[in-house]
1. Regarding the stretch 135-156, can at least one residue be identified that is surrounded by fewer than 24 Cβ atoms within 10 Å (Cβ to Cβ), touching a helix residue (DSSP H, G or I) at 6+ places or on another chain (Cβ under 8 Å) and within 19 Å of Gly56 (Cα to Cα)?
2. Return a yes/no flag: does the stretch 264-280 have any residue that is at pLDDT below 95, farther than 30 Å from Glu363 by Cα and touching a Lys or Arg at 6+ places or on another chain (Cβ under 9 Å).
3. For Lys219, work out the one condition from (1) closer than 14 Å to Met140 by Cβ; (2) of a type in the set (Lys, Arg); (3) without any contact (Cβ under 8 Å) to a residue 24 or more places away in the chain it doesn't fulfil.
4. Kindly indicate whether any position in the stretch 101-111 is within 27 Å of Ala46 (Cβ to Cβ) and among the hydroxyl-bearing types (Ser, Thr, Tyr).
5. Looking only at the stretch 340-352, count every residue that is outside any loop (DSSP other than H, G, I, E, B) and out of contact with any strand residue (DSSP E or B) (no Cβ under 9 Å at 6 or more places or on another chain) and tell me the total.
6. Quick one: which residue in Val282, Val358 is surrounded by 21 or more Cβ atoms within 10 Å (Cβ to Cβ), aliphatic (A, V, I, L, M) and in a loop (DSSP other than H, G, I, E, B)?
7. Which of the helices (runs of 4 or more DSSP H) contained wholly in the stretch 31-150 include at least 1 residues that are within 13 Å of the ligand (Cβ to nearest atom), hydroxyl-bearing (Ser, Thr, Tyr) and closer than 26 Å to His310 by Cα?
Amino acid sequence: MNVPFLDLKAQYQSISEEVKTVMQHVLNATAFSGGPFVERFEEQFASYCRCKHAIGVGSGTAALRLTLMALGVGPGDEVITVPNTFIATAEAISLCGATPVFVDVEENHYTMDPTLIEAAITPRTKAIIPVHLFGQMADMDPIMAIARKHSLVVIEDACQAHGAEYKGRKAGSIGDAGCFSFYPGKNLGAYGEAGGIVTNNGGLASHVKMLRDHGQSKKYFHETVGMNCRMDGIQGAVLGVKLRYLDVWNYARIRHAEKYRAFLGGIDDIKLPQNRESFHHVYHIFGICSKNRDALLAKLAQKEISAGIHYPVPIHLQKAYQSLGLAKGSFPVAERVADEELSLPMFPELTMDQIDFVATAIEVFNTQSKAFSLLNNKVSSSMQWQGVTGFSA
Ligand SMILES: *Cc1c(COP(=O)(O)O)cnc(C)c1O
């Protein structure tokens with residue numbers, strides 16, 4: 001058996017007729033850039049997120065960048081975020097000329113630790129970007145309270161959390177804006193690059209709309225310097241089809257997560273993702289932690305199971321951010337997660353046999369490595385007992 005990390009083909013096959021039909025509609029209408037298919041998707045996605053406005057753009061990175069620009073974040077400003085995220089979160093800040101300031105994440109959930117935020121706030125701080133990592137939302141209530149107290153804006157990086165909830169509220173709907181990626185591998189993925197912003201702030205929505213389209217208020221009348229970040233018509237149409245399945249697909253992910261939990265719950269070297277009450281986790285990624293991560297990853301690869309690491313190097317230790325001068329040890333939890341995290345195959349079409357196969361491979365690995373270390377300990381203690389020195393594991 002071979003278990004891919006993600007299987008976009010299986011999903012395409014399940015909706016291919018609908019996708020071909022809407023793509024044909026886009027072709028017939030030659031509505032390639034922006035246009036009615038994007039507008040329809042924007043309305044549907046805003047209502048799905050229980051927000052007043054949604055704006056379709058070219059990528060998740062663009063969504064973050066345009067939102068920061070529209071909120072007036074620029075050179076000299078600081079934006080607080082976390083070091084264990086996809087690089088795009090920090091890039092969007094840097095591309096505005098602002099500086100990312102990191103705070104560490106919570107020990108059990110890997111999302112922004114609200115207790116560390118206030119110490120990171122300076123007179124230059126303008127915004128906070130919590131990241132809803134792996135499909136589970138950050139602890140938004142304390143984050144919003146701190147932001148309000150210090151007059152900071154909050155932008156949710158919801159690129160991994162389409163449909164996730166926090167105390168009954170949808171990802172993207174709590175902060176001043178929520179940014180989504182519709183990269184093909186995300187829970188809601190386009191058939192190319194795409195992203196979106198949701199907000200209840202009408203002024204922010206129209207500003208972002210202007211910025212994604214060269215800052216123009218009407219054709220060839222440019223109010224401000226923007227860029228080209230429009231969403232393709234084809235992506236809007238495909239996303240409109242796929243949005244109808246998002247909840248069903250997310251529930252399939254949740255069922256798979258429960259299966260993994262049932263199989264792996266008893267293994268002490270494996271730390272399972274911790275689910276919090278009144279958080280609706282949508283498992284973009286099923287990330288476990290293991291002290292033996294690299295050996296386990298190699299063992300799974302041997303069995304043709306594709307697992308991943310999200311992410312092997314935290315942002316403050318990336319070459320691209322060496323100018324921040326943040327040494328190893330600056331964010332111990334994020335660094336530990338980078339050393340121990342392993343993402344198991346997770347996608348809605350995963351079968352029970354595949355989950356069984358992955359879990360069995362992990363169990364076997366664990367039993368073998370336990371037996372091995374037990375043996376090692378026995379050998380070393382019996383040698384010590386015999387007075388042999390210089391032997392150590
Ligand atoms: C995917 C992702 C992004 C960037 O989205 P793109 O569409 O690839 O530009 C940003 N932040 C997080 C947390 C992501 O997972």
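The values are calculated or read from the model by the stated rules, or taken from the named source; none is laboratory data. Keep in mind that what you see is a predicted model, and the values were worked out from it rather than measured. Don't worry about glycine lacking a Cβ; one is built from the backbone with ideal geometry, like all the others, and counts go over all protein chains shown.
1. no
2. Among the residues of the stretch 264-280, at least one is at pLDDT below 95, farther than 30 Å from Glu363 by Cα and touching a Lys or Arg at 6+ places or on another chain (Cβ under 9 Å), which makes the answer yes.
3. It fails just one condition, (1).
4. Going residue by residue through the stretch 101-111, those that are within 27 Å of Ala46 (Cβ to Cβ) are 111.
Then keep just the ones that are among the hydroxyl-bearing types (Ser, Thr, Tyr); that gives 111.
Checked against the condition, which is being within 27 Å of Ala46 (Cβ to Cβ) and among the hydroxyl-bearing types (Ser, Thr, Tyr), the stretch 101-111 yields at least one hit.
5. Number of matching residues: 1.
6. Details: Val358 fails: in a loop (DSSP other than H, G, I, E, B).
Answer to the selection: Val282.
7. Numbers: elements: 36-48, 60-70, 88-95, 117-120, 140-149.
Ranges flagged: 60-70, 88-95.
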